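The values are calculated or read from the model by the stated rules, or taken from the named source; none is laboratory data. Only a predicted model underlies this, so the values are computations on that prediction, with no experimental measurement involved. In this analysis, Cβ positions are derived from the backbone assuming ideal geometry, glycine residues included, and neighbour counts consider all displayed protein chains. We work out accessible area using only protein heavy atoms, side chains counted, and drop any ligands, DNA or RNA first. Shrake-Rupley method; radii C 1.70, N 1.55, O 1.52, S 1.80 Å.
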Amino acid sequence: MRSDEVKKGPTRAPHRSLFYAMGYAADDLEKPLIGVVNAQNEVIPGHFHLDEIARAVKAGALGAGGTPMEFPSIGLCDGIAMNHSGMNYSLASRELIADSIESMYMAYKFDGLVLIGNCDKIVPGMLMAAARLNVPCVYVSGGPMLPGRYNGEDLTMGGFEAVGAYTSGKIDDETLKNKEETACQTCGSCAGMYTANTINCLAEVLGIALPGNGTIVATHTARKELFEKAAKRIVEMAKAYYENGDESVLPRSIAKRNSFLNAMRLDIAMGGSTNTVLHLLAIAREGEVDFSMTDIDALSRKTPCICKVAPTTQKVHIQDVNRAGGIFGILGELDRAGLLDTSASTVHSKTLKEAIAKYDILSPECPDEKKK
């Protein structure tokens, strides 16, 4: 195992002593060391609850035969950093996140990483680190928040829309106050197909995340099963690579050119954030993948937009997409149109074709519970 560099042999006696000082036992050091990168903080709604996820992941990794070790990552909320000098630091934080994960990995030689993030620059920063390091990795998001609701109207980050309405004289002070107090009512990444939720969905197609990663809302109990599966899978991947030399579990073996093309097709088809263009290009560069603006242009000319998810409409939201089959429901439609390379692999299935067959739910429309 790669972690043998910090725990095996007589010259590593001081290293083991330092591990013992933190409560790790000799038996713990015999297992794969799993780095749990937790971007939890108390200044981003999408990250406020990530400590709960980290606990579930660590428990799952321990039960699967690994030794989890948690360390933090910074995170900026684009919403709170917006419209002042703080926005100058947002995109730059992506590189800081990737660099900090690299620093921790190189210092401790983890055998695998579980990356726990959720919001705009944190997710691509983590995926950039995974591609750069090429160590077994699974990414897990905190999930999207539920939309707010005011006066019978669903709100997806309605606070921003309300500012425009207020400035143009369409709403008064009281309505503005009511909307700002009801727009964001739960933890999670901002409701709507904005950058955070889009990149969390694309992580499923890049193959680094499990099905449901981008669409199961933050407060849904189904996310707990997702965390447990991710924890179990990272231990399996670490053992497969270090014990059997199976390179198919490495990020660069999974997220190859066909995966990036598939991810961009999904982005276009579901009407996702255009910010993913600069993030996908950055992740591809870290993984030395041939993927460019020329590819994106070609894909955009041939791929139809087949979804209308908020903010494109206020009638369909992320949780509705999940009920209709999630991202694999959309991928199923693209596959039937001959627009995907289903030979691409994932951390949970040998091929995208197998994954679509298992998870695709044939529902052409999102169920609208409000009409029932």
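Hey, could you get me the Stokes-Einstein D for region 303-348, Kirkwood radius over alpha-carbon pairs, 37 °C and 0.692 mPa s, rounded to whole µm² s⁻¹?
Reported coefficient: 275 µm²/s.
When 1/r is averaged over all different Cα pairs and the result inverted, which Kirkwood radius in Å belongs to region 248-372?
Kirkwood radius, region 248-372: 15.3 Å.
Give, rounded to the nearest 20 debye, the magnitude of the charge dipole that the chain has about its Cα centre when Lys and Arg contribute +1 at Cβ and Asp and Glu contribute -1 at Cβ.
Around 620 debye, computed over the chain.
What residues have an amide H closer than 5 Å to that of residue 70, excluding those fewer than 5 places away on the same chain, when H is modeled at 1.01 Å from N in the peptide plane?
36
Calculate for the chain the 222 nm mean residue ellipticity that helices alone would give, adding -39,500 (n - 2.57) per DSSP H run of length 4 or more and normalising by residue count, nearest 500 deg cm²/dmol.
Roughly -14500 deg cm²/dmol at 222 nm, from the helical runs in the chain.
Give the calculated FRET efficiency between residue 293 and residue 107 to the nearest 0.05, with a Förster radius of 35 Å applied to their Cβ-Cβ distance.
With R0 = 35 Å, the Cβ-Cβ based efficiency is 0.45.
Throw me the Rg/Rh for region 147-244, computed over C-alpha atoms with Kirkwood Rh, two decimals.
My calculation of the ratio gives 1.20.
How much length is gained on full extension from residue 88 to residue 300, taking 0.36 nm per residue of separation minus their Cα-Cα distance?
Gain on stretching residue 88 to residue 300: 73.4 nm.
Gain in length, residue 30 to residue 308, computed as 0.36 nm per residue apart minus the alpha-carbon separation, to one decimal in nm?
In short, 95.1 nm is gained.
Return the carbon/sulfur percentage of the accessible area of the chain, one whole number, probe 1.4 Å, all protein chains in place.
Summing carbon and sulfur atoms, their accessible area is 53 percent of the total for the chain.
Just subtract the alpha-carbon distance of residue 55 and residue 343 from 0.36 nm times their residue separation and send over the number in nm, one decimal.
So the chain would gain 100.2 nm between residue 55 and residue 343.
Within the chain, what percent of beta bridges assigned by DSSP are antiparallel, to the nearest 5?
20 percent
Membrane-span-like helices in the chain: DSSP H runs reaching 24 Å or more (Cα, own axis), mean Kyte hydropathy at least -1.0?
Membrane-span-like by this rule: 90-108, 222-244.
If r is the Cβ-Cβ distance from residue 161 to residue 134 and R0 is 30 Å, what FRET efficiency results, to the nearest 0.05?
About 0.10, to the nearest 0.05.
Select one label from [x] 50, 44, 42; [y] 58, 48, 42; [z] 74, 46, 40: the one whose number is Cα extents along the principal axes in Å as derived from the coordinates shown.
[z]
Which residues' amide hydrogens lie under 5 Å from the amide hydrogen of residue 184, considering only partners 5 or more residues apart or on another chain, with H built in the peptide plane?
The answer is none.
Whose amide H sits under 5 Å from the amide H of residue 64, counting only residues 5 or more places off or on another chain, with H placed in the peptide plane?
none
Using +1 at the C-beta of Lys and Arg and -1 at the C-beta of Asp and Glu, which of 263, 356, 250 has the Cα lying farthest in the positive direction of the dipole of region 231-372?
Of the options given, the answer is 356.
Could you compute the longest span of the chain free of GluC sites (Glu not before Pro) located in DSSP loops and having at most 16 other Cβ atoms within 10 Å, not counting the site residues?
43-287
Calculate the FRET efficiency for residue 274 and residue 177 from the Cβ-Cβ distance with a Förster distance of 45 Å, rounded to the nearest 0.05.
Using R0 = 45 Å, I get an efficiency of 0.90.
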